[in-house]
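Worksheet: the structure to be examined is printed underneath.
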Amino acid sequence: MTETLPDTRTDTAATSLTDPRVLRGIELAWREADLLDRKEYVAWNALYAEDGHYVIPIDPTTTDFDNTLNMVYDDARMRAMRVTRMTEGYALAAVDSATTTRTVSRFVPVEVSDAEVVLRASQVLVAFKRGRHDLWAGDVEYRIRLGATPAEDLIVLKVVRLVDSQAAVPAAGFLL
Amino acid sequence: MTTEITAANVYDLAAADLVQGDRVAGRMYTDPEIFEQEMTRIFEHTWIWVAHESELPKPGSFKSTYVGRQPVIVSRDRKGAIHTLVNRCRHRGASLCEKRTGEANGFTCPYHAWSYSLDGKLRGIPYPEGYEGVLDKSELSLKRLRTESYGGMVFATLDEDIEPLEEFLGDVKVWIDRFMKQGGGYPVKVLGTHQFTFGGNWKIQLENTTDGYHFPIVHRSWMASVDAETADMMSFMTDPEAITHDLGNGHSVMQMVPEHSDLDADDGTEKLQDRFDGLIADLRAAGLSDSAIRKVVLAMHGTGFNLNLFPNVSMSAAFFRVLRPISVDKTVIEHVAIGPDGPDEVVGPVNRARLRVHEHFQGPFGFGTPDDAEGWDRVQRGAQGAPEMPILVNRGAAREKPSPEGWPTSHVTDETGMRAAYAQWKQMMSDD
Ligand code: FES
Ligand SMILES: [Fe+2]
C-alpha cells in the first residue's frame, strides 16, 4: 500500500487533541505500545486491520514502500508469520530479546473524520540487554480506522521513521 | 613451527601463531592490538570491495564508504572511469563528503572551500594570494587508491604493489560470473542496502557466510516461515552433493543448492514455486516468454551458493554482504539487495518481489539476521572465557578432498571456508 499523506509538517493542527475521535486514536497507539513492551504479540496483531500495514522504512521520505527496500514492510501474512516467529521459541533473538520501554507522545492530529484518524507522534524506545541500553527514536505515523465502538478501532497503517534509519542500527529481537 | 596455545603463552604468542590450521585462539577476537595490526596488514594491503558499478550509474555519481577504517569516496568521472579517493581534504583534513550516495560535479570542502574534481585533482583554492610561492596545486590531489573491478564488483587497495585484482580473485571469477546470472539475462543492479551493527569481531562474520552447519539451527524460525518448497530447497544438511570449496587466497564457496549453481543449466524440469504465481502472471502479461520467465523466477532466491571473498565481501543468495570493522568488538554489516536491471514492466514486479524476499530474511528486523547477530554476539562474549581453549574450525578436515578443479572440498556443513580464510589471515599477519 502506497498511500500518500498530505505534507502537513508545517501546518498547525486544526483539530484539538481533546476531540473524542483523536483521543480514541491516541488510546489505541498507547495500547499498542504497551502490548509491544509486554511482548503480547498475538494481541498486538489483533489491533491491525486485515488490510493494514506495519512499516519501518529506510528512506525517511518515501511513501512508495512497495518499490523500495524497507527494514519492515508487513502485510497481514508477514505479521502473522512474525507473531509465530516471536512466540514459537525457535528464534534465538526473540527468545533472548531486550527488555523495552517506549514513550509515545507529541501527538499531532493530521486528518480526522468519523471514519478515520491520522496522527503523527514521536516515539522513544529504550531497549536494555546484557548491560547495554540501546536508544531507538523516531517519528510514527498512525492511520486508524474508527469502528462502531473504541474496541473495534483498528490500525490501517503504522510507519516508524527512525532518526537513524539510514545508518547502521542494531539487529533487534523485538518490534518497534 | 607452531607453538601449542596454553594459558601461559596465549597473550605472548605472535598474531600469526594464533592460527593453527584447524584451530584458532579466541584472542583473535578480543585483542585490540591484533585488531590494529589487521587494519594495516590486511585492510591496507589487499583488495577491499567498495561498490557495485550500478551504485555509480552515471558520470558524477558517488558513494562514500570505507577501506578498513579509512573513509573513502568512490566516484565516476566524466569519462566513466571509477576512482576511489580518501575522503580527506588536503588542506587541513576535513572530510569532503558526508552523504552516502549522490551526484556531484566535484567535491568542495566545507571548511575553506578547496575544490576537487571527480578524479581527485585540486581544482580551485579561494583567495589564492597567500599561497603564492608555497603551493603547487598539481601536488595536492586527493589521495587516490588503486581501483579495479571484475564482473561489476569494484575493489580498491591502498597498496600500490600488490597483484592485480583478477589475479587475487583467481578461481573466484567463474563464481562471480555465475552469481551475476541471477539477473535472468539482464544486468544486476543494487536495489537498496540494510545496515546493522553487532557487538563482535569482524572475523566472526567472515566465518559465517560459508558456515552451512549453523543454518538449520539458527534459521529455524525463518525455515518455519517459508513455504515447503523453499524449506525443501534449503534442506542441504544431509545432501552429499552440497559442498564447500576452498578457492585460494582466503576465498571459499559453499554450494547449498548445487542444482542452482549455474542458473543457465536449467533443464526445464524444476517446478516454479507456487508463491510466485502472481509474479509469473505479471510477467506473462508483460509479454515475456515462458523460458524468460523461468530464468527470472528460478533466480528469485539468488543462486544456490554463498561466495565468501577475503576479507570484506560475500555474495550470498540474492545479496552482497559487506563487513566493516569498527573496533575489535564492533562490526557494521551491510546487506545489499540486488535484482535485474531492465525494462520496467519486467523488473518492476520482479524487483518488488525480490525486495520482499530480502526484507523477510536480511534486514535488521528480518527473520534471519537478528538470529545470526545474536549468535555472533555470543561468540564474542564467550571468547573472553578460557583463552587457552582454541576455537575449533576442524569440522570435516578428515573428509576434505580436492575437487576435479583442484579446490580443497568438503561437505557444505564443514569448516573448509573458515580454514581457507584463516590460512590467508595467518599469511598476511606473519612477519616474513
Ligand atoms: S580543511 Fe578543507 S579547505 Fe580547509
Ligand atoms: Fe546465518
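The values are calculated or read from the model by the stated rules, or taken from the named source; none is laboratory data. Note that this is a predicted model, so its numbers are computed, not measured. Glycine gets a Cβ as well: all are built from the backbone with ideal geometry, and neighbour counts include every protein chain shown. The area values use the complete protein model at the heavy-atom level, side chains included, leaving out ligands, DNA and RNA. Shrake-Rupley method; radii C 1.70, N 1.55, O 1.52, S 1.80 Å.
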**Message:** Above 24 Å lies some portion of the pair distances; for region A:20-162, what is it as a whole percent of all C-alpha pairs?
**Reply:** 31 percent
**Prompt:** How many times 2.2 N^0.38 Å is the alpha carbon radius of gyration of the protein assembly as shown?
**Reply:** 1.02
**Added length on full extension, which subtracts the Cα-Cα distance from 0.36 nm per residue, A:ALA49 to A:ALA148** = 34.2 nm
**Asked** For the protein assembly as shown, what is the charge dipole size about the Cα centre, in debye to the nearest 20, if Lys and Arg each add +1 at the Cβ and Asp and Glu each add -1 at the Cβ?
**Response** 1300 debye
**Request:** Could you tell me the distance between the Cα centroids of region B:226-254 and region A:111-170, to the nearest Å?
**Result:** 39 Å
**Estimated Rh, region B:172-429: Kirkwood, alpha-carbon pairs, angstrom** = 18.9 Å
**Message:** Before we go on, tell me the buried accessible area for the B/A pair, both chains summed, 1.4 Å probe, in Å² to the nearest 100.
**Reply:** 2900 Å²
**Asked** Using the beta-carbon distance between B:HIS91 and B:ARG69 and R0 = 25 Å, what value does 1/(1 + (r/R0)^6) give for FRET efficiency, to the nearest 0.05?
**Response** 0.70
**Complete:** Residue separation between B:GLU98 and B:GLU4 times 0.36 nm, minus their alpha-carbon distance, gives in nm 29.1 nm
**Item:** Across the protein assembly as shown: Cys residues that no other cysteine approaches within a C-beta distance under 4.7 Å
**Value:** B:CYS97
**Complete:** region B:93-114 scanned against label point 7 Å out from B:LEU135 along Cα→C-beta; backbone N under 20 Å for B:93-97, B:106-114
**Request:** For B:GLU388, tell me the accessible area in Å² from a 1.4 Å probe, rounded to the nearest 10.
**Result:** 70 Å²
**Fill in**
Expressed as a percent, the accessible surface of the protein assembly as shown that is carbon or sulfur, using a 1.4 Å probe and the full set of protein chains, is 51 percent
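Sorted from largest to smallest, which semi-axis lengths in Å does the alpha carbon gyration tensor of chain B give for its equivalent ellipsoid, taking the root of 5 times each eigenvalue?
36, 32, 18
Which whole number of Å³ per residue matches the convex hull of the alpha-carbon atoms in region B:222-290?
Each residue corresponds to 150 Å³ of Cα convex hull volume.
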**Asked** Probe 1.4 Å, all protein chains in place: accessible area of A:ASP114 in Å², nearest 10?
**Response** 120 Å²
**Asked** Where nothing but the Cβ of Lys and Arg (+1) and of Asp and Glu (-1) is charged, how large is the charge dipole of region B:172-429 around its Cα centre, in debye to the nearest 20?
**Response** 720 debye
**Net length gained if the chain between B:ASP274 and B:SER327 were fully extended (0.36 nm per residue, minus Cα distance)** = 14.6 nm
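Which value at 222 nm does chain A reach when only helices count, each DSSP H run of 4 or more adding -39,500 (n - 2.57), with the total divided by all residues and rounded to the nearest 500 deg cm²/dmol?
Taking each H run of at least 4 residues, the total per residue is -6500 deg cm²/dmol.
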**Message:** Before I look further, what does region B:360-415 give for accessible area per residue, probe 1.4 Å, in whole square angstrom?
**Reply:** 41 Å²
**Asked** Taking the DSSP beta bridges in the protein assembly as shown as the whole, what percent of them are antiparallel, to the nearest 5?
**Response** 95 percent
**Prompt:** Going through region B:49-150, which trypsin sites (Lys or Arg not before Pro) have at most 10 other Cβ atoms within 10 Å and a DSSP loop state?
**Reply:** B:LYS79, B:ARG92
**Complete:** Magnitude of the Cβ-charge dipole (Lys and Arg +1, Asp and Glu -1) of region B:48-157 about the Cα centre, nearest 20 debye, reported as 180 debye
**Prompt:** Quick one: which bits of region A:56-72 get at least 20 Å² less accessible when the partner protein chains are in, versus the chain alone, with a 1.4 Å probe?
**Reply:** A:ILE58, A:ASP66, A:ASN67, A:LEU69, A:ASN70, A:MET71
**Request:** Could you tell me which of B:GLN380, B:MET233, B:VAL67 has its Cα farthest along the dipole of chain B towards the positive end, charges placed at Cβ (Lys, Arg +1; Asp, Glu -1), taken about the Cα centre?
**Result:** B:VAL67
**Item:** Mean-position separation - Cα centroids, region B:295-364 and region A:89-108, in angstrom
**Value:** 27 Å
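Residues with beta-carbon under 14 Å from that of B:ASP371, excluding B:ASP371: net charge, scoring Lys, Arg +1 and Asp, Glu -1?
Here the charged neighbours net out to -2.
Within the set of other residues whose C-beta is less than 12 Å from the C-beta of B:GLU167, count the net charge using Lys and Arg as +1 and Asp and Glu as -1.
With Lys, Arg at +1 and Asp, Glu at -1, the neighbours total -3.
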